[in-house]
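Since the structure comes first, as structure tokens, the remarks are kept for the end.
The values are calculated or read from the model by the stated rules, or taken from the named source; none is laboratory data. Every value quoted in this text rests on a predicted model; they were computed, and no experiment measured them. When we count neighbours, we look across all protein chains shown, and the Cβ atoms used for this are built from the backbone with ideal geometry, even at glycine.
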Amino acid sequence: MTDGLTRQQVAWRIAQDMTDGSFVNLGIGQPELVANFLPEDREIIFHSENGILGMGPEPAPEDIDEELINAGKKPITLLPGGAIFHHADSFSMIRGGHIDACVLGAFQIAENGDLANWSIGSSGVPAVGGAMDLAVGAKRVLVMTDHCTKKGEPKLVEKCSYPLTGPGVVNTVYTDLAVIDVTPEGFLVRERVENLPFEELQNRTGARLTLANDWHPLTAP
Amino acid sequence: MTDGLTRQQVAWRIAQDMTDGSFVNLGIGQPELVANFLPEDREIIFHSENGILGMGPEPAPEDIDEELINAGKKPITLLPGGAIFHHADSFSMIRGGHIDACVLGAFQIAENGDLANWSIGSSGVPAVGGAMDLAVGAKRVLVMTDHCTKKGEPKLVEKCSYPLTGPGVVNTVYTDLAVIDVTPEGFLVRERVENLPFEELQNRTGARLTLANDWHPLTAP
Amino acid sequence: MGKTCGVSSARSNESEAGMIDKIVASVAEAVRNIKDGDTVFISGFGDAGNPTELVHALIDQGTKDLTLVNNNAGNGFVGLAALLNTGRVRKMICSYPRSSQSIVFEDLYHAGKIELETVPQGTLAERIRAAGAGIAGFYTPTSAGTPLAEGKEIRNFDGRDHVLELPLAADVALVKAETADRWGNLTYRLAARNFGPIMCMAAKCSIAQTRKILPLGDIPPEQVVTPSIFVDQVVEAPHPMSERNAILNGERYP
Amino acid sequence: MGKTCGVSSARSNESEAGMIDKIVASVAEAVRNIKDGDTVFISGFGDAGNPTELVHALIDQGTKDLTLVNNNAGNGFVGLAALLNTGRVRKMICSYPRSSQSIVFEDLYHAGKIELETVPQGTLAERIRAAGAGIAGFYTPTSAGTPLAEGKEIRNFDGRDHVLELPLAADVALVKAETADRWGNLTYRLAARNFGPIMCMAAKCSIAQTRKILPLGDIPPEQVVTPSIFVDQVVEAPHPMSERNAILNGERYP
């Protein structure tokens, strides 16, 4: 996928859509990169499902505390203003609609907003974690993903073939090639990389795309 | 009711049945007297529905704190080991079966254990407070009451005529005349004041009483 | 953010553009956007935890046709009782609307001028929490077999009847805290905690009056009782009225 | 009391007859009465909050046919993973039984030697809380329309499908606390809090290992996280194992 953005650039692009003062949950893996691109003069409060608000950056090696970790089990820090709470309270925040946005990875996203990101079917150990709660609970569910799989198969599809995480939950998909809203009419391309013709973007997508009238070029520093 | 115990004596009698280390909720009114009769060398932990464990005695007037009150809205103190929590947690303790015993007042108790203690029907403002939660949640529901109303009507009855607080919830009734268990066979008198013949106790009761084979005289200092 | 109240907050000295600041300058400003017909949570149990200054500001603001949720129904002629006394409250939802000094409510009730929904105290607390926690309904044994379960779905679990109860949300929560910071973290003092934490969870806009506003980071993270995400506005009220003394002195508001 | 474990507690120096003392002398004594077939909650998330010393004591004790509840399914060959490795666990209930070092569980699972119930993390937490709070069932939007809702009752509230979930109780909870007193009040350190408070609420017998035991009254009442009523036994474990380091060093238990 040399036509598109790097993962760092996609993370940067998502960071631009985070509102000042919002409460954000970043999923495990790629979405964690988003935290690196928030301007220092803005306050976004990060939530971690294991009972933390006000999560700060990774600590220096000598400051690692095993009892201060994020959902991905990695060491973190706590910012002034941070708070600790138990798991039932933490998921009350998620399920109760208090998280302004979450950023999740995906295996597949369907044009009706269905999300599949926890299981590839019968093989493997079925592990769901907090993904289903985030999918139904966050006010905005943003997906960060490569536009296609490593084998070149589309991840944006008419209907998910993998087991669902949540039906009709995705608001916006950020890929290396485009920023795409899920609308009642299906996938709406709001931004796309300029060096790739729209027809080629469509070819790499498993469902019909509509190009927004006011679409912008997708660029990132 | 000069035949029986004073309210202080009934409170003393109930206090004797409190197990060391148990968690006890005392209802508003008469039941509050029970706290006065616990031997100093024993630890009973009192729960107050408004978010307190480890409630201590009434403070000296100069130590009154308006933000430290019991369910009856009276000033209290907090013992070492006490804890404060919010209302949902407080009623989780009650409804979740964590309170070993509660002592409630009553308008009527039926022979099947039905309790009526919150409403006398259509007149008056319907106020229930925490009574229904205590009735279904405490492991043992003890009732402290005069054996009859001021008008001489029985409070222990075949069927409650007042609206129920909870069906089949009462374990033991402590009155000025007797200590009576609610059993699958109805009211079982375990203790009664000696100067009142059993027939007279039966006359003052609105449901059939059985005298336990191992009944004891009801006495109190 | 987290929730939006549509209130532009006055910025405290500590913060700058791009920084979160939920501190507002006055109780009047805090309650400004409460609208006719709103459902309003009011924290407190007895004399502990009543947000009296916010309630008085709401009286001054003049909104009408309110539904109020509190454990009780006010005492004397201050705070909640004074708000009821304006005649601007359509409905009261509470567990125990009776006390020796609950004069205003009782008069309105007997005159048919206010609607009452009596809810068992634990069910009231759990319904509020459910609204904040994204739970659409729950089964409780409380009130099964009593008149308060009439008209509600009854379901037997393990041989015991339970009542289906639904979440109780509000447009606004008015609560009394002890300390707060500009992110909205709260602590409460002793039994003033009562309904505050769960009411903040379940209102679209949660407004806390607080004795002290502390610099961000001064509330130890493990001691935060209501995390920032549940709070929208914070206003300092360093010397809250003692409703108990006010009632003893026969005071009335306004 | 509050709950009974059938364990006679060793009395600490501080207490006398008639006084409450939940302190036991050793982890071995604490887990003594756990029985074959019991369901056991184990607190912890990642490396934070694992009651490793209690889990190792349970391995030594030899009970079998257990059902375990934890967010994960153990890492390396210590703690929960070591308990699984004894072959004495019949079933695992968790949200995320997959990690780079979840070797023991994955081998058992693929060999068909352990049953797995995968529960969404928020539903797991809420089911545990429900069991502790006397709630017989609740409706959550989580998992509606997914394979994890198959066989469960679906009900629509306000146009949105919800799943009926039932409480999850246990015979025993093993949790890791930071401080405790002889009544059983607990505090937790940072993200080691996670499942501890709700697991203590929902087990017949809740056992806490704690870094420090403090004199009664030294935990400020407003800072108690798990109140005494939810705790049955407390045992001091001043230097709990770092599972992270143990795994890095290739340690195994026993």
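See the values below:
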read-out: Subset of the stretch A:88-99 (residues that are more than 9 Å from chain D (Cβ to nearest Cβ) and either under 15 Å from D:Pro141 (Cα atoms) or not aliphatic (A, V, I, L, M) (or both)); value: A:Met93, A:Gly96, A:Gly97, A:His98
read-out: Which numbered condition B:Leu201 misses (of (1) of a type outside the set (Val, Ile, Thr); (2) surrounded by 21 or more Cβ atoms within 10 Å (Cβ to Cβ); (3) part of a loop (DSSP other than H, G, I, E, B)); value: (3)
read-out: Residues (within 14 Å of chain A (Cβ to nearest Cβ), of a type in the set (Val, Ile, Thr) and within 20 Å of B:Phe91 (Cβ to Cβ)) located in the stretch C:169-199; value: C:Ile198
read-out: Among residues of the stretch B:51-74, those that are of a type in the set (Val, Ile, Thr) and in contact (Cβ under 8 Å) with a residue 40 or more places away in the chain, counted; value: 0
read-out: Selection from the stretch A:1-20 of residues that are surrounded by 14 or more Cβ atoms within 10 Å (Cβ to Cβ), of a type in the set (Val, Ile, Thr) and under 19 Å from A:Thr205 (Cα atoms); value: A:Val10
read-out: Complete set of residues in the stretch C:89-105 that are within 11 Å of chain B (Cβ to nearest Cβ), without any contact (Cβ under 8 Å) to a residue 60 or more places away in the chain and outside any helix (DSSP H, G or I); value: C:Met92, C:Cys94, C:Ser95, C:Tyr96, C:Pro97, C:Arg98, C:Ser99, C:Ser100, C:Ser102
read-out: One residue from A:Gly51, A:Gly105, A:Gly121, A:Gly113 being among the small types (Gly, Ala, Ser), facing another protein chain (nearest Cβ under 10 Å) and surrounded by fewer than 24 Cβ atoms within 10 Å (Cβ to Cβ); value: A:Gly121
read-out: Sole exception among (1) aliphatic (A, V, I, L, M); (2) in contact with a helix residue (DSSP H, G or I) (Cβ under 6 Å, 6 or more places away or on another chain); (3) in contact (Cβ under 8 Å) with a residue 40 or more places away in the chain; (4) more than 22 Å from B:Ile28 (Cβ to Cβ) for B:Leu211, by number; value: (3)
read-out: Identity of the residue in the stretch D:123-149, within 11 Å of chain A (Cβ to nearest Cβ) and free of Cβ contacts under 8 Å to residues at least 24 places away in the same chain, that ends up nearest to C:Asp158 (Cα to Cα); value: D:Ala149
read-out: Residue count, the stretch A:55-87 (criterion: facing another protein chain (nearest Cβ under 7 Å), under 23 Å from the mean Cα position of the chain (by Cα) and over 19 Å from C:Ile219 (Cβ atoms)); value: 3
read-out: Selection within the stretch D:207-254 - outside any strand (DSSP E or B), among the polar types (S, T, N, Q) and touching an Asp or Glu at 6+ places or on another chain (Cβ under 9 Å); value: D:Gln223, D:Ser228, D:Ser242, D:Asn245
read-out: Residues of the stretch C:26-66 satisfying the condition of being surrounded by fewer than 18 Cβ atoms within 10 Å (Cβ to Cβ), within 27 Å of C:Pro120 (Cβ to Cβ) and not small (Gly, Ala, Ser); value: C:Asp65
read-out: Set D:Val163, D:Val225, D:Val231: member being farther than 20 Å from D:Asn72 by Cβ and over 19 Å from the mean Cα position of the chain (by Cα); value: D:Val163
read-out: Candidates B:Leu177, B:Leu188, B:Leu211, B:Leu196 - the one that is touching a strand residue (DSSP E or B) at 6+ places or on another chain (Cβ under 9 Å) and buried (at least 22 other Cβ atoms within 10 Å of the Cβ); value: B:Leu177
read-out: Filter result (under 16 Å from C:Cys94 (Cα atoms), more than 7 Å from chain B (Cβ to nearest Cβ) and either in a helix (DSSP H, G or I) or hydroxyl-bearing (Ser, Thr, Tyr) (or both)) within the stretch C:106-122; value: C:Leu108
read-out: The listed residue being in contact (Cβ under 8 Å) with a residue 24 or more places away in the chain and over 23 Å from D:Val231 (Cα atoms), out of D:Thr67, D:Thr86, D:Thr63, D:Thr39; value: D:Thr86
read-out: For C:Arg129: the one exception among (1) farther than 21 Å from C:Gly46 by Cα; (2) part of a helix (DSSP H, G or I); (3) in contact with a Ser or Thr (Cβ under 8 Å, 6 or more places away or on another chain); value: (1)
read-out: Residue match in the stretch B:31-42 (condition: over 18 Å from the mean Cα position of the chain (by Cα) and not acidic (Asp, Glu)); value: yes
read-out: Residues that are within 9 Å of chain C (Cβ to nearest Cβ), farther than 23 Å from A:His86 by Cα and part of a loop (DSSP other than H, G, I, E, B), drawn from the stretch D:150-168; value: D:Asp158
read-out: When residues of the stretch D:200-240 are limited to those that are away from chain B (no Cβ under 14 Å) and small (Gly, Ala, Ser), the one nearest to B:Leu79 (Cα to Cα); value: D:Ala208
read-out: Residue that is at positive phi and modelled with pLDDT of 95 or more, where the choices are A:Gly129, A:Gly105, A:Gly82, A:Gly124; value: A:Gly129
